[in-house]
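Undergrad: Submitted below is the structure of interest, expressed as structure tokens.
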Amino acid sequence: MGTGGGEGDKSAALPLEALLALGLDQRTAENALVNSKVTANLAAVIAEAGISRCDKSVGNLLYTVATKYPTNALVHRPVLIDYVVSMKIKNPAQLDAALSFLTNTGPDSLDTGKFEEACGVGVVVSIEEIKSTVNEVLKHNMEAILEQRYHINVGNLCGQVRKRHPWGDAKATKDEIDKKLAEILGPKTDADNVKPVKKKKEKPAKVEDQKAAVVTALPPSEEELNPYSIFPQPEENFKVHTEIFYSDGNIWRAHNTKDILEKHLKATGGKVMTRFPPEPNGYLHIGHAKAMFIDFGLAKERNGHCYLRFDDTNPEAEKKEYIDHIQEIVHWMGWEPYKVTYASDYFQALYEHAVELIRKGLAYVDHQTAEEIKEYREKKMNSPWRDRPIDESLKLFEDMRRGLIAEGAATLRMKQDMQNDNKNMSDLIAYRIKFTPHPHAGDKWCIYPSYDYAHCMVDSLENITHSLCTLEFDIRRPSYYWLLVALGLYQPYVWEYSRLNISNTVMSKRKLNRLVTEKWVDGWDDPRLLTLAGLRRRGVSSTAINSFIRGIGITRSDNSLIRVDRLEYHIREELNKTAPRAMVVLNPLKVVITNLEDDKVIDLDGKMWPDAPANDASSYYKVPFSKIVYIEKTDFRLKDSKDYYGLAPGKSALLRYAFPIKCTKVVYGDNPDEIIEIRAEYDPSKTTKPKGVLHWVAQAAPGVEPLKVEVRLFEKLFLSENPAELEDWLGDLNPNSKEVIKDAYAVPSLATAVLGDKFQFERLGYFAVDTDSTTENLVFNRTVTLRDSYGKAGPK
């Protein structure tokens, strides 16, 4: 468990002027001094370089060495620094190659010849060679250049040159490409200065067109093709995971020894092992869909396994309802767990490791209250019981286990570093007393492990290769590895990704729980919520959700708010291909066709799909046209205008799949503003060619009302894009987020609709059968509207 030396004690003597003398810009230098880890590494690099001033290009490379150098190969850092200072390595591409080579070499002896070959030492790329290659690349891409002009992806062109000359001067390459493009295209036009609008992805080119498309298509990045390519293989897990900086200047470098890694690989067969670890204290939301996509997706892509592990360390919060829901929704999302496990399965092992930790002098029984612990952490003061004898802590911990100490009177704390700037190293609690039976483990225990103690340990016990979590856990990484290093256990590879934040909703379990328990919404599966149960009830498929997740990526960098329109784009894209068309009138206005016989019914064919083939009867549904027709009230107005395409007195409109009709009379009720019906004549010859096309529903038989259905329309649940940041977030709820229409009219073909069926109601949006629906009372939820403000610009 040894330490790696004390680079941290050199930072105090490193003034701002020393960094500016390296050619670093003011902002970079100031930011470096704020970060104690970067400052310590920079001080060590400057000392090893033996310089106090240098050219900016050299200084920037030294800064990269200080911030990115692989700590498993520190023995070779002076060698790399010498190559940088002597200008044998003189550009970022060479340095990146060097760092990659040294990462794989680790502490083993350095083969100088292979090292120099790997990072292009001594390779000189002349400006003439760059110019020649630029000409070849531009010639190869000329069709795309002439078509796209200054909108051409210059970075991609530079990349093509870089493949031929990886050690060439990147700036010279870029300058030459810019120069040649200017010669080819001439001065920029107004069109060149307009930012291009991204288009929707087009269908794959036909075979005969693919050859031509090769020239203009820009190749997708490796991460776009495979988002999991960023993760290392299990056998690479010998590198330093995390440097744990202590307040006394010591550094623990967390990494697996050769023996520990070999034992792990033998147990797993070298397979990728991940876990999806939800707490069973609520329903899963779309943020969990991203976690599943990463955890289960990585295991599937690498032919490995993913556990579904319930983090059930708090016996007071778990409910069987939540456990059952999580297992069911994971399956619905398309994922199959390798095994279903519980943190409580490992309570005995966790207890035994806690005893071992006490025996090593790395844990102690404490009697401070929660308020006192908070105060002492803020003041960076040790607990009065921190240095009590080991035997005393062992006896007290046994008393805790036997239920001899009152709840709240004692905790077991890890002996970490109370003076550390990272509060997650401030002697975190490992065990607390709770006289509460456990839903899964029964009444065997009255002491329960904390998340900070159990999470990393169970990861290790299950031989997890990749422990993946959201960025807010980044600050907990030192304590995660501290415990595993302290006990000499296998250490998984930890990687944090940006959490999913979507506009006009909340996703914290605490807020979701308030919405449900205080009945602001109609349960965990309310279609207005972005819980997975709510999305499913609304009519969203798991494939659309996974497509959305894949589209936003799994990087660490983007933690911004994603507009809900982007999710709706993916939902709409799928439903446009899978949902058959039908007609429903939400707010019916009666239209009497005066020139059609009273008892006549004409059966017409409505298209279930826009491109339905004429000879395929299964692609059509029957639409009865009779004397009594119903249109939307909003499709009629008394006063016509040029930009209005609905029905008006004396004006014609086309009934979809049927005939043009012309309004001949308006019938009013007792209230002169109330229109109860309109009279119209239809054009059986269809010689009239009106611009407006209306959806409609007619009586299927004389005097028989059309099929009556209930339709529920949903809008955004919150008015603000980011309600979570508001103090009165409940006051931001949208009072018009749900509208229920009890008496909508539908075409007869919808009478057989059952749960799981989805449709496009023409001109209204996409709809799905709700769980409240019965054969006597059909209920449809609107999934999304037809409007697509996001898709107009394409996915980003």
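The values are calculated or read from the model by the stated rules, or taken from the named source; none is laboratory data. Nothing here was measured: the structure is a model prediction, and the numbers come from that model. Virtual Cβ from ideal backbone geometry, glycine too; neighbours counted across all protein chains shown. The protein model used for the area step is the full one, side chains on, heavy atoms only, and it has no ligands, DNA or RNA in it. Shrake-Rupley method; radii C 1.70, N 1.55, O 1.52, S 1.80 Å.
Undergrad: If I filter the range 316-326 down to residues being out of contact with any Lys or Arg (no Cβ under 8 Å at 6 or more places or on another chain) and surrounded by fewer than 16 Cβ atoms within 10 Å (Cβ to Cβ), which single residue comes out as farthest from L532 (Cα to Cα)?
TA: Among those residues, the one meeting the criterion is A317.
Undergrad: Picking from S560, S618, which residue would you name as being more than 30 Å from V754 (Cβ to Cβ) and of a type in the set (G, A, S)?
TA: Answer to the check: S560.
Undergrad: Same structure, new question: Out of the range 313-348, which residues are of a type in the set (D, E) and either outside the structural domain of N463 (by the TED database) or out of contact with any Pro (no Cβ under 6 Å at 6 or more places or on another chain) (or both)? Write out each step before concluding.
TA: Taking the range 313-348 as the starting set, the residues that turn out to be of a type in the set (D, E) are 316, 318, 321, 324, 328, 336, 345.
Of everything in the range 313-348, those that are of a type in the set (D, E) and either outside the structural domain of N463 (by the TED database) or out of contact with any Pro (no Cβ under 6 Å at 6 or more places or on another chain) (or both) turn out to be E316, E321, D324, E328, E336, D345.
Undergrad: Now for a separate question. Scanning for something open to solvent by less than 10 Å² (accessible area, probe 1.4 Å), out of contact with any Phe, Trp or Tyr (no Cβ under 9 Å at 6 or more places or on another chain) and either more than 30 Å from L350 (Cβ to Cβ) or assigned to a helix (DSSP H, G or I) (or both), does the range 546-562 turn up at least one residue?
TA: No: the range 546-562 contains no residue that is open to solvent by less than 10 Å² (accessible area, probe 1.4 Å), out of contact with any Phe, Trp or Tyr (no Cβ under 9 Å at 6 or more places or on another chain) and either more than 30 Å from L350 (Cβ to Cβ) or assigned to a helix (DSSP H, G or I) (or both).
Undergrad: Filtering the range 717-741 down to residues that are in a loop (DSSP other than H, G, I, E, B) and either among the hydrophobic types (A, V, I, L, M, F, W, C) or within 16 Å of Y766 (Cα to Cα) (or both), which residue is most open to solvent (accessible area, probe 1.4 Å)?
TA: Filtering the range 717-741 for residues that are in a loop (DSSP other than H, G, I, E, B) and either among the hydrophobic types (A, V, I, L, M, F, W, C) or within 16 Å of Y766 (Cα to Cα) (or both), the one most open to solvent (accessible area, probe 1.4 Å) comes out as L719.
Undergrad: Right, here's the next one. Give me the pairs: first residue in the range 490-507 and outside any loop (DSSP other than H, G, I, E, B), second residue among the basic types (K, R) and buried (at least 19 other Cβ atoms within 10 Å of the Cβ), beta-carbon distance under 7 Å, and six or more apart or on different chains, which are they?
TA: Within 7 Å, the pairs are V494/R477.
Undergrad: Look at the range 28-38 and say how many of its residues are among the polar types (S, T, N, Q), in a helix (DSSP H, G or I) and under 29 Å from T257 (Cβ atoms).
TA: Counting residues in the range 28-38 that are among the polar types (S, T, N, Q), in a helix (DSSP H, G or I) and under 29 Å from T257 (Cβ atoms) gives 1.
Undergrad: If P234 meets every condition in (1) open to solvent by 40 Å² or more (accessible area, probe 1.4 Å); (2) at pLDDT 90 or above apart from one, which number is that one?
TA: It is condition (1) that P234 fails.
Undergrad: Spot the failing condition for R413; the list is (1) of a type outside the set (G, A, S); (2) assigned to a strand (DSSP E or B); (3) in contact with a Pro (Cβ under 9 Å, 6 or more places away or on another chain), and only one is missed.
TA: That leaves (3) as the condition not met.
Undergrad: Of the numbered conditions (1) open to solvent by 50 Å² or more (accessible area, probe 1.4 Å); (2) assigned by the TED database to the domain that holds Y621; (3) not in a loop (DSSP other than H, G, I, E, B), I678 fails exactly one; give the number of that condition.
TA: Only one criterion in (1) open to solvent by 50 Å² or more (accessible area, probe 1.4 Å); (2) assigned by the TED database to the domain that holds Y621; (3) not in a loop (DSSP other than H, G, I, E, B) is unmet by I678, namely (1).
Undergrad: Looking at the range 456-463, can you tell me whether even one residue there is open to solvent by 20 Å² or more (accessible area, probe 1.4 Å), touching a strand residue (DSSP E or B) at 6+ places or on another chain (Cβ under 6 Å) and at pLDDT below 95?
TA: Scanning the range 456-463 turns up no residue that is open to solvent by 20 Å² or more (accessible area, probe 1.4 Å), touching a strand residue (DSSP E or B) at 6+ places or on another chain (Cβ under 6 Å) and at pLDDT below 95.
Undergrad: On the basis of being open to solvent by less than 20 Å² (accessible area, probe 1.4 Å) and modelled with pLDDT of 90 or more, does S498 make the cut?
TA: Details: open to solvent by less than 20 Å² (accessible area, probe 1.4 Å): yes; modelled with pLDDT of 90 or more: no.
No: the conditions fail for S498.
Undergrad: Tell me which of these R656 doesn't satisfy, since it passes every other one: (1) within 20 Å of A680 (Cα to Cα); (2) touching a helix residue (DSSP H, G or I) at 6+ places or on another chain (Cβ under 8 Å); (3) among the basic types (K, R).
TA: (2)
Undergrad: Give me the residue from the range 115-128 that is open to solvent by 80 Å² or more (accessible area, probe 1.4 Å) and more than 40 Å from the chain's Cα centre (by Cα) and, out of that set, modelled with the lowest pLDDT.
TA: In this case the residue turns out to be V124.
Undergrad: Next question. Working only within the range 464-486, note down all residues that are of a type in the set (A, V, I, L, M), part of a helix (DSSP H, G or I) and either open to solvent by less than 10 Å² (accessible area, probe 1.4 Å) or free of Cβ contacts under 8 Å to residues at least 40 places away in the same chain (or both).
TA: L483, L484, A486
Undergrad: Is there a residue in the range 742-758 that is at pLDDT 95 or above and of a type in the set (K, R)?
TA: Yes.
Undergrad: So is K444 open to solvent by 40 Å² or more (accessible area, probe 1.4 Å), more than 19 Å from N281 (Cβ to Cβ) and among the basic types (K, R) or not? If you could, list the steps in order and put the result at the bottom.
TA: Numbers: open to solvent by 40 Å² or more (accessible area, probe 1.4 Å): yes; more than 19 Å from N281 (Cβ to Cβ): yes; among the basic types (K, R): yes.
Spelling it out, K444 is indeed open to solvent by 40 Å² or more (accessible area, probe 1.4 Å), more than 19 Å from N281 (Cβ to Cβ) and among the basic types (K, R).
Undergrad: Filter the range 135-155 down to the residues that are buried (at least 16 other Cβ atoms within 10 Å of the Cβ) and β-branched (V, I, T), then identify the one that is nearest to the chain's Cα centre (by Cα).
TA: Within the range 135-155, the match that is nearest to the chain's Cα centre (by Cα) is I152.
Undergrad: Give the residues of the range 681-716 that are among the small types (G, A, S) and under 24 Å from F761 (Cα atoms), sorted by residue number.
TA: G692, A698, A700, A701, listed by residue number.
Undergrad: Related question: Does at least one position in the range 389-410 carry a residue that is open to solvent by less than 50 Å² (accessible area, probe 1.4 Å), in a loop (DSSP other than H, G, I, E, B), within 15 Å of S450 (Cα to Cα) and at pLDDT 95 or above? Full working, then the answer.
TA: Narrowing the range 389-410 to residues open to solvent by less than 50 Å² (accessible area, probe 1.4 Å): 393-394, 396-397, 399-400, 403, 405, 409-410.
Then keep just the ones that are in a loop (DSSP other than H, G, I, E, B); that gives 403, 405, 409-410.
From the residues that got through so far, the ones that are within 15 Å of S450 (Cα to Cα) too are 410.
Retained after the next criterion (residues that are at pLDDT 95 or above): 410.
For the range 389-410, residues open to solvent by less than 50 Å² (accessible area, probe 1.4 Å), in a loop (DSSP other than H, G, I, E, B), within 15 Å of S450 (Cα to Cα) and at pLDDT 95 or above: present.
Undergrad: Filter the strands (runs of 3 or more DSSP E) completely within the range 589-675 down to those with at least 2 residues that are in contact with a Ser or Thr (Cβ under 7 Å, 6 or more places away or on another chain).
TA: 620-625, 660-668
Undergrad: Starting from the range 559-574, take each residue that is within 18 Å of N722 (Cβ to Cβ) and of a type in the set (F, W, Y) and list its partners that are open to solvent by 50 Å² or more (accessible area, probe 1.4 Å) and in a helix (DSSP H, G or I), counting only C-beta distances under 9 angstrom and pairs at least six apart or across chains.
TA: Note: no pairs meet the criteria.
Undergrad: At least 2 residues that are of a type in the set (G, A, S) and free of Cβ contacts under 8 Å to residues at least 24 places away in the same chain in each: list the helices (runs of 4 or more DSSP H) lying fully within the range 39-155 that qualify. If you could, list the steps in order and put the result at the bottom.
TA: Values: elements: 56-68, 77-85, 92-105, 112-118, 127-140, 142-148.
Of the helices (runs of 4 or more DSSP H) lying wholly inside the range 39-155, those with at least 2 residues that are of a type in the set (G, A, S) and free of Cβ contacts under 8 Å to residues at least 24 places away in the same chain span 92-105, 112-118.
Undergrad: Regarding the range 99-115, can at least one residue be identified that is small (G, A, S) and within 30 Å of L185 (Cβ to Cβ)?
TA: no
Undergrad: From the list D324, D295, D259, pick out the single residue that is farther than 30 Å from S36 by Cα, of a type in the set (D, E, K, R) and in contact (Cβ under 8 Å) with a residue 24 or more places away in the chain.
TA: None of the other options fit; the residue is D295.
Undergrad: Shifting gears a bit: So, of the residues in the range 286-310 that are small (G, A, S) and either more than 10 Å from V272 (Cβ to Cβ) or open to solvent by less than 10 Å² (accessible area, probe 1.4 Å) (or both), which turns out to be farthest from the chain's Cα centre (by Cα)?
TA: Going through the qualifying residues, I end up with A299.
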